[in-house]
1. Which order do HIS54, HIS27 fall in if you start with the one that has the fewest other Cβ atoms within 10 Å?
2. Mind checking the dipole of the chain: about its Cα centre, +1 per Lys or Arg Cβ, -1 per Asp or Glu Cβ, Debye to the nearest 20?
3. Evaluate the distance, in nm, between pseudo-label points positioned 7 Å from the Cα of LYS5 and of LEU85 along their respective Cα→Cβ axes.
4. Considering only CYS53, VAL77, CYS15, whose Cα is most displaced toward the positive end of the charge dipole of the chain, charges sitting on Cβ of Lys, Arg (+1) and Asp, Glu (-1)?
5. Once all Cα-Cα distances of the chain are split into 5 Å bins that start at 0, what whole-number percent is in each one?
6. Lysines within cross-link reach of LYS40: Cα-Cα under 18 Å, excluding same-chain residues under 8 positions apart?
7. Tell me the angle of helix 65-91 to the major Cα principal axis of the chain, expressed in degrees between 0 and 90 and rounded to the nearest ten.
Amino acid sequence: MRNPKRLAEIRKLPCVRCGNPNSQAAHSNSAKHGKGRGIKASDDFTVPLCHSCHFQFDTFQLGNRAESEAMFDQWLVRVERMLTLKDQDDVF
């Protein structure tokens, strides 16, 4: 599922791993999020990562597949909180 609005919001956030303000929308590498051979996971499962962290994540330099999935799940929770707080700030 593609969601250009979410991708734009994700790119405005700092890297969830190192805090670099220049981030990219990094998709989950997990089949449970819709990832398949030649198929990206749903845009609902994206987090902001800088170029370096994104590369390390995609090439499993941050841990094996199970560790990467667990790390991504933690990042996703944090990012959802960040987006919620950002939305609340936009209201006030």
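1. Placing the least packed residue first, the sequence is HIS54, HIS27.
2. Dipole of the chain, to the nearest 20 debye: 280 debye.
3. Rounded to a tenth, the inter-label distance reads 2.3 nm.
4. Farthest towards the positive pole: CYS53.
5. P(r) for the chain, in whole percents per bin: 3, 15, 24, 27, 19, 8, 3, 1, 0.
6. List returned: LYS5, LYS32.
7. Between helix and principal axis, roughly 10 degrees.
All of the numbers you see were taken from the coordinates with simple rules; none came from a lab. Just so we're clear, the structure is a prediction, and the values are computed from it rather than from any experiment. FYI the Cβ positions are ideal-geometry reconstructions off the backbone, even for glycines, and counts take in every protein chain you see.
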